[in-house]
Every structure is written in structure tokens, then in C-alpha cells.
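Worksheet for the structure shown next.
Each reported figure results from applying straightforward, stated rules to the coordinates on display, with no laboratory input. Everything numeric in this text was worked out from a predicted model, so none of it was measured. As a convention, Cβ positions derive from the backbone with ideal geometry for all residues, glycine included, and neighbour counts pool all protein chains shown.
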Amino acid sequence: MDVVSDYVSLRRNGATYKGLCPFHNEKTPSFIVTPAKNICKCFGCGKGGSPINFVMEIEHVSYAEAIKLLGKKYGIEVEEKELTEEEKLALSKQEKLGKATEWLQEIFVKNLETEEGRAVGLSYFQQRGLTDATIKKFGLGYALVDRNSYWPRAEREGFLQSLVELGHVSQGNYGTSDFYAARAIFPIHSISGKVIAFGARGIRQEDIDKGKYRNSPENELYKKSNTLYGLCFARTAIHRKEKAYISEGYLDVISMHQAGIENIVAPCGTALTEGQVRLLKRNLPSKGNSDSEEKFVTMLYDGDKAGMNAAIKNGKLLLSEGLNVSLIILPEGEDPDSFAQSHNANEVEDYLDSNEQDYIIFRANLLRDEADNDPLKRATAVKTIAEVIAVIPDAIKRVEYAKAVSKILDTENSIVMEYVGKERAKQAENKQKEAFREQQRKEMEKRQAAVQQQFPQQAQYPQGYYPQPGYYTQQGGYPAQYPAQYPQYPQYGQPQGFQAQPQEEMPDEAFFGTGSQPGEEPKQQELTGIDRFSESLLSDLYRKERDIIELVMSSDNNKIIELRKTDDNNNECKEYLTAAGYFEYEFNEEKIYLTHPIFSAMLKEASKVMREETLSQRTLSDYFQKHENTDFNDASVSIEMDKMKWHDLLSDKGAKEVEEKESSDIIANIKSLINKFKTEFQKDKLANLNKELSDPEVLGDAEQTTMILRNIGELNRSINAIQIADGVNNVIKIRN
């Protein structure tokens, strides 16, 4: 029980103890600890075992490392022997990464003892009012200005590769360098106290201009959306006080600790997330250890507009997880750090105790004051507060809060409850849609896995390219991102400089759409079989890709596209490609690719069979419809059925004329489709870059924001150029 209670808030339940499982999200406790048997088990996800098994699972460490962690906790010395080279190689990857991070933490702490560290790093912490004891407690450090200060030593001691993999050391066109150089270091700890990442605060103005904070990227040790800064230091106080404070920054937490308010945590360089709220909830005890699971959180934010907005947004998130939420607004111009520094411990505690307000009551009063006597604003206020109350899981609390806010807003309780009910219904519908999309995602993954087994070489299924925020700027611009192996054409071989890029997952809503109107149930039957490839269910980008596959399938197999090139001696030479081969050639030249996994695989398969001349007298449409891959069957049948529906509207003569015109205009059609597809492809990139700009962490980095804006400008110019382009590239023609 002692081991588990370091990670989970437990309460007695007869001869056992119960708490929220740390391994999966749950709202009703199903994680049981049985002290008599020295075991634990979650009856929701099934994880558990002995204390050692528990530590191995939650800390992601080996058996030996778990033993050492438990030995350190209970003051038991665990004898270690010098590892041989073979044993060092046998260390788990996470252990290696963990040791590298600990090694780097020691470097940063020792840097405070250097002349530069004392003059810059230590001086900065002291100017912020931190004592030596506080600096030591939180393991604060400093990264030297010299970007080569420690990585050569890391290379000698075998840590460099791990540090690069974790993102602590940068490697690029200009060599290897320290990612955090010339910054004050705030180590980020796991719940057990292990250093897993770093927050690096600029001290010099030239560094602040590039972004005040430079935080560790997410890696195998660190998932910022599931990590709370200071939780390992706050857990004891949280259990003692039966309440937790949430603030916004590292120094807010540290200064409050120094002022005696130790039950305080903060998000790690990002807005508060569901994962962080659930982590906090698992570590919060119930008030008075009651069976009612009443857990209390108080938001402690700046008194400015940004602090107010953060409180409004985060309060709703905390309520949705079943927590009782209060907030404290500090005086104008103060933040938790400055307030703690300018007041003694008693003054800080007295202010917090006397200025705590219930979050929903605060919101209702704020909305009432903003609305004043304006009827429209008062109506909006009622709807807004109803949306907040609707996220509360407990029905009794919803009723009582509705009564309270109806009095504040001077309206009927029944009206508030009516809007609460509507909002609850809307939330239930959204959850159902999310569950449905997740089901579709899993089914697609299974089918892709099955196809990969059937076609390990010929049919690779790249996913749509959706980079994480900051990808383009971290990579120094747009990558040449043709996602799969370019086909080996005997005439011109492998293109120079081609490199496959890692792929990321495309959301299902972009792939399928739901086919539903607002308020309707998702139509599951429209997302199976051939209906998955119906034009009406595909996004704009995927419709263009479907058109490309349709053109490839309908092109005359006996006609070849002539490609004119010049060799190294400036002599003109000719290459002959099929329609499928020409699409792939153009895509590689333009650095674009089909993002739909099935369409991408079909294009590659078409190019292969036509290049190898294995079709004989068959058409591509017939080949795909009789293919053993059911995804190919569904896509080709869907395309042919849509074509038949269109032809049914024409006379025999009209249908023949359409086919003849399409055949004669194949080059114009190909170039037109490539331009249309490239436009949609670039728009998709543009949407992702705009999405990056909404990330608070990106907005806080001026250099990164400038790079994204520059790339957005380049994309807009590229899209405009494509859209005004006219005519057909005259270096290609049809050869009979």
C-alpha cells in the first residue's frame, strides 16, 4: 500500500484500499490494493501485481531499476556491480534515456558552480528571490553560453545519442549544439521525482527575443500533456491539505513553495490538458476521506486579462472531471510568483483563504455584470453558464448550481435546466461520434495491416501527412516528402536525392466524413464497403485523389506518354511512361504525394503491373475489381458505378463521344488533375500551419512564429501561381 499510495490517492474500503487507476482513465475507482496479500489490481484494465510489478509498469523501468527505486524509497542499500560492455548494451532503451537525462541534470546543476554559472544563472535565481535551499530542492541549474560545453563529453561517456534522441542536443547543418544554451534550467520531474525533461528560461534579451522558454520536446520519457510541474514536491501537502492549487508557471510553483504553500502544481509549458487534470485527480484525496469522492481544486492565476481567460477556460475542464473547482484572482499586476515574493508566508496564506470563490458562482456574477441590463446579453449569459453547468457529471450538483445561478442572473430555474439538458444531449452526441470515429479508425488499421501482410513490397500504405506543431520550422522548411518507394523505371532509374519521410496519422473525419447532418446519428452503413469511396463522403483532397485513380483506370493501356529530357551532355533523350507512371514521376518532381492510403497503393500497383506488362488484354478496372485485396475491389467498383450512373444519363452516341474526348485529352486531363490536386495538397499544408499558429507554445516562440508565417506566405504564393497557370507542359505528348 505504501508504494501505490505514492502514485494514487487511496481510501480504505474494508480490508482493502481503493483509488482511481493510474494506468487508464476512469471516473469510478476500480483500482484495489490488498495489503494482506501485498498486491494491487485494476478491475477495469486488469493491470496490477506486486509492488515491483507496479513500479515497473508506472515508471516504465526494468526489474532491476524498480528494485533500486524501492531501495532508495525505504533507505535500503542495493548493491551494484560494475557492468560489463555486454550488460551495458542489454540495458533497456528507457533506462538509457533516463540515465542520460540524469547525467545532463547533474551537468546543469554543477554549471551553477562555475564562474559563468554564478555570475549569470545563480544571479538570476537570486534576483527572483529564490533561496539556496529552494534552488537545491527543485534542482535548478544553468546551461552555459558555449553550445559545445558538454556534448563532446557526452559523446565520450556514451550519452550523446540518447540526448539527441530526447531532443536535448541539436544536430543539423551547422553541427551539434546544446539545445538550451545560455538559459536558466528548470528540471521537470516525474511523479516519483525522476528528472524527465527541462524547461529553459532565457536570461539574456537576445535569447528571450527568440522565445522566453525553450522546453524539452516530447519523447519516450516525457509527455507534457500528462505531466504536472511540481507534483512530486506537492503530493504530501496535497494529501495533508486535501486540496490542490493550480497556477501557470514554474516560478509560480517554486515561489509559492518557498512561501509555505506547497500543495501547488502547474502545467508544463502548455495549456491545461485532460491528461494533466486526470493525473491531479488521481493524486487528490477525498475531503475527509469520505465515500462521496469530493475532491477540491483551486485555480491561482494572475489578475490580468490573460489570467482571467485561463481561469474561465480551465475551470470548465476541471469541472468535467468531477472536481469541485474554486479560483483566486490575485490583485491587478500580481502573479503567484510576485505575490509570494512581496508577502510573508502568513500574508499569503491569509489572502488565499479569504479570497477563494466558487468557480461557477464567480462565472455567473461575471456574466451578470457584463450583461448589465442588456436583454440579449443576459440571454447569452444564461446559455453560457448552462454550458458550464452541463459538464458536471453529478446530477445533484447540476440541479443545485442551476438554482444558485438562476437567482444571480434573475431568471427562471427551469430555463437554466432546459439549456443544461440541451447541452448535455449535445455532449452525449459528440461523445458518440468520437467513439464511432475511433471504431472506424481501428477497423481501417486492421485492414491496412492485413493488406501489408499480403503486399509487403508492392503495396505500402502511407498515411496522410499531418505534422506536429513546429515540425516545419524544426526541420528548416518543407521536407521533400514523397512517402513511399519511387518505382524503378528501367529508362531513368531512381531519382537523385529522394528520401522517404516518416508518416503521421490523418483524422478519420478528413478521410470519410460522417455523412450526417447536425443532430442526426452517424450513418455507419455509409462507411463500409464501396460506400467508403463515394465522392460524397470524401474530403476535397481525397476527391481529387479519387479522380486521379479514375483517370489512371480509364486511360488507354496502349498509349504511352513521351517524356523529353536532356542528359548530362545536353543531348535530348526520350522516355515513355504510362499514365500511372507519369503521375508518380510528376509527384516526385513536385514533392507531393497521394495521402489516401488505398489510392496511394492503387497508383503504385497500377504503375507496377503496367510497367511489367502483366495485364495482357485486361483493363486496370477489371484487374482491381478481381484483385485479392478487398480495398482495391471496393474502390474500383465505387469508381465504375459512379461512371455508369453518369453514362446512364447519356445516349450511346453521347457516351462514346465522351470516352473519345477523354482519351484524346489525356495529357490535358493529367496536367489539370495534377494542378488541382497540388492546390488541395498545398491548402492542406496551409491549414496545418494555421493550426500550428493557434498552439500557445508556438505563439510564445517569436522565431518559430516568424518561420511559420514565412512558410504560410510561400504557400499562398504557390497556390496562387498554380491557380493562374494556363496551358499544358509542352515537353510531353501522346505517342501512338
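Averaging sequence separations of C-alpha pairs under 8 Å and six or more residues apart, then dividing by the length of the stretch 327-398, give the relative contact order as a whole percent. Before the final figure, lay out the partial values.
Details: 31 pairs, mean separation 17.3, N = 72.
In percent, rounded to a whole number, it is 24.
At 1.002 mPa s and 20 °C, plugging the Kirkwood radius over alpha-carbon pairs of the stretch 356-441 into Stokes-Einstein gives what diffusion coefficient in µm²/s?
Working: Rh = 13.7 Å.
The Stokes-Einstein estimate is 157 µm²/s.
Rounded to the nearest 0.05, what FRET efficiency do residue 11 and residue 399 give with R0 = 35 Å and r taken as the Cβ-Cβ distance? Could you check? Walk me through the numbers on the way to the answer.
Values: r = 26 Å, r/R0 = 0.75.
E between residue 11 and residue 399, to the nearest 0.05, is 0.85.
Set the Förster distance to 25 Å, then compute FRET efficiency between residue 430 and residue 683 from the Cβ-Cβ distance, nearest 0.05. Don't jump to the answer; show the numbers that get you there.
On the way: r = 26 Å, r/R0 = 1.05.
Calculated value: 0.45.
Subtract the Cα-Cα distance of residue 287 and residue 379 from 0.36 nm times their separation in residues, and report this length gain in nm to one decimal.
Numbers: separation 92, 0.36 × 92 = 33.12 nm, distance 3.60 nm.
Once the chain is fully extended between residue 287 and residue 379, it gains 29.5 nm.
How much length is gained on full extension from residue 709 to residue 156, taking 0.36 nm per residue of separation minus their Cα-Cα distance? Each step should come with its number before you reach the end.
Values: separation 553, 0.36 × 553 = 199.08 nm, distance 4.01 nm.
Length difference between fully extended and current span is 195.1 nm.
Taking 27 Å as the cut-off for C-alpha to C-alpha distance, list the pairs among 110/194; 194/287; 37/223; 316/433 that go past it.
Numbers: 110/194 18 Å; 194/287 29 Å; 37/223 33 Å; 316/433 21 Å.
Violating the 27 Å Cα-Cα cut-off are 194/287; 37/223.
In whole Hz, with x marking every Gly and Pro, tabulate ³J(HN,Hα) for the stretch 360-376 from phi via Karplus 6.51 cos²θ - 1.76 cosθ + 1.60, θ = phi - 60°.
Listing the rounded values in order: 5, 5, 4, 4, 5, 5, 5, 5, 4, 5, 5, 6, 6, 10, 7, x, 5 Hz.
Quick one: what are the phi-derived ³J(HN,Hα) couplings along the stretch 235-250, Karplus 6.51/-1.76/1.60 with θ = phi - 60°, whole Hz, x for glycine and proline?
Once rounded to whole Hz, the list reads 4, 4, 5, 4, 5, 6, 8, 6, 6, 10, 9, 10, 10, 10, x, 4.
Given an 8 Å cut-off on Cα distances and at least 6 residues of separation, report the relative contact order of the stretch 114-186 as a percent. Don't skip to the end; give the middle numbers.
Values: 72 pairs, mean separation 27.5, N = 73.
Across the stretch 114-186, relative contact order equals 38 percent.
5 Å is the cut-off here: which amide hydrogens, built 1.01 Å from N in the peptide plane, fall below it relative to residue 299, excluding neighbours closer than 5 in sequence?
Amide H neighbours of residue 299, under 5 Å, 5+ apart: 246, 326, 327, 328.
Just the number, please: Stokes-Einstein D of the stretch 127-202 in µm²/s, Kirkwood Rh from C-alpha pairs, 20 °C, 1.002 mPa s. Please report the intermediate quantities before stating the final value.
Values: Rh = 13.6 Å.
For the chosen part, D equals 158 µm²/s.
Do any trypsin sites (Lys or Arg not before Pro) in the stretch 154-246 lie in a DSSP loop with no more than 16 other beta carbon atoms within 10 Å, and if so, which?
Values: sites: 156, 183, 194, 201, 204, 210, 212, 214, 223, 224, 235, 240, 241, 243; in loops: 194, 204, 210, 212, 223, 243.
The qualifying sites are 204, 210, 212, 223.
State the Kirkwood hydrodynamic radius of the stretch 303-434 in Å, one decimal place, computed from all pairs of distinct Cα atoms. Spell out each step's value before the answer.
Working: mean 1/r = 0.0620 Å⁻¹.
Hydrodynamic radius (Kirkwood, Cα only) of the stretch 303-434 equals 16.1 Å.
Just flag the chymotrypsin sites (Phe, Trp or Tyr not before Pro) in the stretch 170-279 sitting in loop per DSSP whose Cβ has no more than 12 other Cβ atoms within 10 Å. Could the numbers behind the result be given before it?
Values: sites: 174, 179, 180, 198, 213, 222, 229, 233, 245, 250; in loops: 174, 179, 180, 222.
Hits after loop and neighbour filter: 174.
Can you tell me the equivalent ellipsoid semi-axes for the stretch 163-303? Use √(5λ) from the Cα gyration tensor, largest first, whole Å.
Working: eigenvalues 201, 53, 27 Å².
Equivalent-ellipsoid dimensions as semi-axes: 32, 16, 12 Å.
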